[in-house]
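Some notes on the structure that comes next.
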Amino acid sequence: MKILLTGGAGFMGSNMIHYLLATYQDVEVVNFDDLTYAGNLESLTDIAQDPRYTFVKGNIVDPLAVEEAIAGVDVVINYAAETHVDRSILEPRAFIDTNVYGVYNILEAVRKHKIHRYIQISTDEVFGAVLEGESDEQSKFEPRSPYSASKAAGDHLCAAYAITYGVPVIVTHSCNFYGPYQFPEKLIPLFTMNLLEGKKVPVYGDGQQVREWIFTQDHCRAVDTIMRKGNPGEVYNIGTGYRVPNMEVVKQLLDLTDRGEEAIEYVTDRPGHDRRYAVNSNKLRTELGWEPQVSFEEGLAKTVEWYKNNPDWVNRCRTGEYQEYYQKQYG
Ligand code: TYD
């Protein structure tokens with residue numbers, strides 16, 4: 001099976017490439033990635049020489065490059081996305097380009113080349129803040145940030161192409177990911193690095209916002225299950241049910257890094273900050289037989305250990321662009 005995996009130099013994409021090559025002998029993976037700020041090919045140095053792997057530099061906003069890369073593949077998995085909410089608040093443009101227009105380009109190429117399956121990786125943030133209960137696959141989209149609005153638009157296009165043209169696309173809505181190779185702008189890697197380096201951690205607002213967390217390995221297995229057993233045109237939520245306020249995550253990170261509460265700094269809240277996310281993942285569990293295997297405590301310990309052992313990888317993410325963003329966001 002030949003898979004075109006877009007965004008393979010990013011966090012989840014590179015984890016999925018590792019997973020696919022380790023799990024299947026007869027797989028071929030083409031990593032299509034434009035190496036924007038969050039892409040780092042060093043995440044893939046260990047498999048770069050594997051004959052089953054190729055890298056193509058390209059951007060999903062370029063329709064010709066997408067068409068060229070897609071010809072002859074069996075499956076497309078789209079991890080290419082602008083994903084960081086705070087960046088979308090500062091500069092939304094790239095989010096519309098990549099997450100809407102880029103998805104349109106993939107859908108068109110999948111349609112034209114009659115690709116067997118297209119998996120669109122999306123987020124539970126399209127459902128907006130869920131103050132009580134859970135969002136299931138039928139819940140209404142109520143995005144509240146430029147990021148989630150752009151993802152929702154891409155998901156709507158997928159649904160429309162499935163209905164109108166019969167494009168065999170499957171959309172996933174996942175809770176928050178964490179694990180090795182995550183760009184140090186998201187809560188867990190940013191706070192881990194700050195704590196390891198003796199710095200403070202910027203907690204937005206009261207820190208009581210709730211997120212549901214999944215370890216990267218469990219997410220890879222979920223996408224693999226959906227790719228093999230999911231039905232075209234369907235939507236699957238991916239979640240663990242592990243939902244905690246941010247302060248609980250911070251507490252566990254303080255323990256794992258031997259830091260005290262004086263490392264916490266409460267800062268101005270994110271505008272429009274979604275108070276709580278919670279996904280119902282029963283469909284994936286009962287219909288396709290997937291279950292998460294890694295507890296949060298175990299996944300977080302592995303993650304902190306990885307960041308402890310890979311300061312060079314992190315430092316190479318911290319380019320001038322990163323410093324500029326950090327300055328704008330945290331002053
Ligand atoms: P994040 O990792 O940006 O993911 P998302 O906003 O997509 O859920 O943030 C996770 C939570 O952590 C979210 O409630 C915002 C909060 N947060 C902070 O309190 N401080 C920070 O510096 C960051 C990046 C996030």
Please report the net charge: other residues with Cβ closer than 11 Å to the Cβ of TRP290, K and R +1, D and E -1.
+1
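Considering Cα pairs under 8 angstrom that are at least six residues apart, work out the relative contact order of the range 54-124 and quote it in whole percent.
Values: 67 pairs, mean separation 33.1, N = 71.
In percent, rounded to a whole number, it is 47.
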Between the alpha carbon centres of the range 124-180 and the range 195-223 the gap in Å comes to 20 Å
Principal axes of the chain: Cα extent on each, largest first, Å
57, 45, 37
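Which pairs break 28 Å Cα to Cα here: LYS57/LYS112; LYS2/LYS112; LYS308/LYS328; LYS199/LYS302?
none
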Orientation-averaged projected area, Cα convex hull of the range 90-136 (nm²)
4.8 nm²
In whole Hz, what ³J(HN,Hα) sequence does the range 170-184 give by Karplus (6.51, -1.76, 1.60; θ = phi - 60°), x for Gly and Pro?
10, 9, 10, 10, 9, 6, 5, 8, 7, x, x, 6, 7, 4, x
Relative contact order of the range 1-43 (C-alpha contacts under 8 Å, at least 6 apart) in percent is 52 percent
Counting sequence-distant residues (5 or more places) and residues on other chains, those with an amide H built under 5 Å from that of SER135 are ALA278, VAL279, ASN280
Hey, got the Cα dimensions of the range 50-142 along the principal axes, in Å, largest first?
47, 30, 29
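Give the value in nm², to one decimal: projected area of the alpha carbon convex hull of the range 228-331, averaged over all directions.
10.1 nm²
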Distance in Å, no decimals, from the C-alpha centre of the range 46-60 to the one of the range 262-331 is 26 Å
Evaluate the relative contact order of the chain (contact order divided by residue number), counting alpha-carbon pairs under 8 angstrom at least 6 apart; express in whole percent.
18 percent
Restricting attention to the range 79-121, which trypsin sites (Lys or Arg not before Pro) occupy a DSSP loop and are surrounded by at most 11 other Cβ atoms within 10 Å?
LYS114
Taking N as the number of residues in the range 88-178, the ratio of its alpha carbon radius of gyration to 2.2 N^0.38 Å works out to 1.11
Helix-only mean residue ellipticity at 222 nm, the chain, DSSP H runs n ≥ 4 weighted -39,500 (n - 2.57), per residue, nearest 500. What is it?
-12000 deg cm²/dmol
Counting only protein heavy atoms and using a 1.4 Å probe, what share of the accessible area of the chain belongs to carbon plus sulfur, as a whole percent?
50 percent
Of all DSSP beta bridges located in the chain, what percent are antiparallel, nearest 5?
10 percent
Cα-centre dipole for the chain with unit charges at Cβ (Lys and Arg positive, Asp and Glu negative), debye to 20
420 debye
What's the longest uninterrupted piece of the chain once you rule out the GluC sites (Glu not before Pro) that are loop residues per DSSP with at most 12 other Cβ within 10 Å?
198-331
Return the sequence-ordered ³J(HN,Hα) values of the range 120-137 in whole Hz as given by the Karplus equation 6.51 cos²θ - 1.76 cosθ + 1.60 applied to θ = phi - 60°, using x for Gly and Pro.
9, 7, 10, 10, 6, 5, 5, 7, x, 6, 10, 5, 9, x, 9, 9, 10, 5
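The values are calculated or read from the model by the stated rules, or taken from the named source; none is laboratory data. A quick note: this is a predicted structure, and the numbers were derived from the prediction, not measured. Don't worry about glycine lacking a Cβ; one is built from the backbone with ideal geometry, like all the others, and counts go over all protein chains shown. Heavy atoms of the whole protein, side chains included, go into the accessibility calculation; ligands, DNA and RNA do not. Shrake-Rupley method; radii C 1.70, N 1.55, O 1.52, S 1.80 Å.
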